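See structure below.
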Amino acid sequence: MKRIVFSYPGNESLAEKISGDLNLTYGQLVVRSFPDGESYTRVLTNVKDADVMVVCSLHGPDEKMMPLYFLCKNLKDLGANKIVLLSPYLPYMRQDKMFHPGEALSSAYFAEFLSGFVDALITVDPHLHRYQDLTEIYSVPTKVIHSAPLISEYINAHVTLPLIIGPDSESAQWVEEVARKAAAPFLVLQKERIGDQEVRISVPHAEQYPNHTPVLIDDIISTGQTMMEAVKHLASAKMKAPFCIAVHAIFAPGAYENLSRCRVEEIVTCNTVPHISNKISLEKLYLPELFKAN
Ligand code: R5P
């Protein structure tokens, strides 16, 4: 079976690495906008009967979804056999219930839309909180890759006497796994979200670990409020400045700068979303999984 890897613009380095390491054809395409803002796609590589992988991390999803939809339809019209989407960051997973009357359940609508034009999805640590599994909302086969082994590796290599800390109960799933793999103790704090831009975090009893280096772990940093609240608390508990580690570097405008100004030792993210804080490279986790999702 012919296999071809395409990069949606902005994902070239991961797509090139995959095609190089697996010795697969690197597909050529054009994705651009017309002057009126409408999207244009063109596939320049013969995809007839090929299994195709499209690499497209879907941070900032709204502007990517229409061109990605056209691209996938385009590939199918040209005879592609199967389209696997590798999206290291899967968006919309946090809107996993109607928090207020009348709200859209956008996680489910997004999943339905994406499932309508790709044949399989591979992603990294999606925000599974109220959903146990992506199959609850995705109707195509999905494969989830876990970053925990490489986060633990990073911690073991860079942090002396780590204490792994989750800023809220939702982070417990990553924190426990990272702590187990790093053979380190862990705590999970309690978070109350007051609004889009404000969270309150309760006392964590962190003073029981005066000599440890706190390592805050979360799946996403978006506004940075969750991390900053936790950092503030650790400072008032007279703990050392923490490492702040997240899988997905979403960082709303100004968030990274605001967090950098706090009392932090280092801000570290995985490279699922390109960002200056990317220090953990996940490529080696993807390679064994590619084209297996079916
Ligand atoms: C939500 O529960 C996630 O696990 C993160 O804690 C959250 O998305 C972080 O968002 P922010 O940086 O805006 O506080």
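Within the stretch 144-175, which residues are open to solvent by less than 10 Å² (accessible area, probe 1.4 Å) and either assigned to a helix (DSSP H, G or I) or more than 10 Å from the ligand (Cβ to nearest atom) (or both)?
Listed by number, the residues that qualify are ILE145, SER147, ALA148, ILE151, SER152, ILE155, LEU163, ILE164, ILE165, SER171, VAL175.
Given the options LEU187, LEU287, LEU259, name the one that is modelled with pLDDT under 95, among the aliphatic types (A, V, I, L, M) and either within 16 Å of the chain's Cα centre (by Cα) or in a helix (DSSP H, G or I) (or both).
Details: LEU187 fails: either within 16 Å of the chain's Cα centre (by Cα) or in a helix (DSSP H, G or I) (or both); LEU259 fails: modelled with pLDDT under 95.
Going through LEU187, LEU287, LEU259 in turn, the sole match is LEU287.
Residues LEU282, LEU234: which one is touching a residue at least 12 places away in the same chain (Cβ under 8 Å), open to solvent by less than 30 Å² (accessible area, probe 1.4 Å) and in contact with a Ser or Thr (Cβ under 8 Å, 6 or more places away or on another chain)?
After ruling out the rest, the residue left standing is LEU282.
Only one of these is open to solvent by 80 Å² or more (accessible area, probe 1.4 Å), touching a helix residue (DSSP H, G or I) at 6+ places or on another chain (Cβ under 9 Å) and of a type in the set (A, V, I, L, M): ALA183, ALA108, ALA179. Name it. Before the answer, list the steps.
On the way: ALA108 fails: open to solvent by 80 Å² or more (accessible area, probe 1.4 Å); ALA179 fails: open to solvent by 80 Å² or more (accessible area, probe 1.4 Å).
When all the criteria are applied, what remains is ALA183.
In the set ILE267, ILE276, ILE250, ILE245, which member is more than 16 Å from the ligand (Cβ to nearest atom) and at pLDDT 90 or above?
Details: ILE267 fails: more than 16 Å from the ligand (Cβ to nearest atom); ILE250 fails: more than 16 Å from the ligand (Cβ to nearest atom); ILE245 fails: more than 16 Å from the ligand (Cβ to nearest atom).
One residue alone meets the criteria, ILE276.
Has the stretch 97-104 got at least one residue that is open to solvent by less than 20 Å² (accessible area, probe 1.4 Å) and modelled with pLDDT of 95 or more?
Of the residues in the stretch 97-104, the ones open to solvent by less than 20 Å² (accessible area, probe 1.4 Å) are none.
No; the residues of the stretch 97-104 include none that is open to solvent by less than 20 Å² (accessible area, probe 1.4 Å) and modelled with pLDDT of 95 or more.
Output the residues belonging to the stretch 52-73 that are touching a residue at least 12 places away in the same chain (Cβ under 8 Å), open to solvent by 30 Å² or more (accessible area, probe 1.4 Å) and in a helix (DSSP H, G or I).
Answer for the stretch 52-73, where residues must be touching a residue at least 12 places away in the same chain (Cβ under 8 Å), open to solvent by 30 Å² or more (accessible area, probe 1.4 Å) and in a helix (DSSP H, G or I): MET66, TYR69, PHE70, LYS73.
The values are calculated or read from the model by the stated rules, or taken from the named source; none is laboratory data. Computed from a prediction, not measured in an experiment: that's the story for all the values here. Reconstructed Cβ throughout: ideal geometry from the backbone, glycine too, with neighbour counts over all protein chains shown. Areas reflect the complete protein model, heavy atoms only, side chains present, ligands, DNA and RNA absent. Shrake-Rupley method; radii C 1.70, N 1.55, O 1.52, S 1.80 Å.
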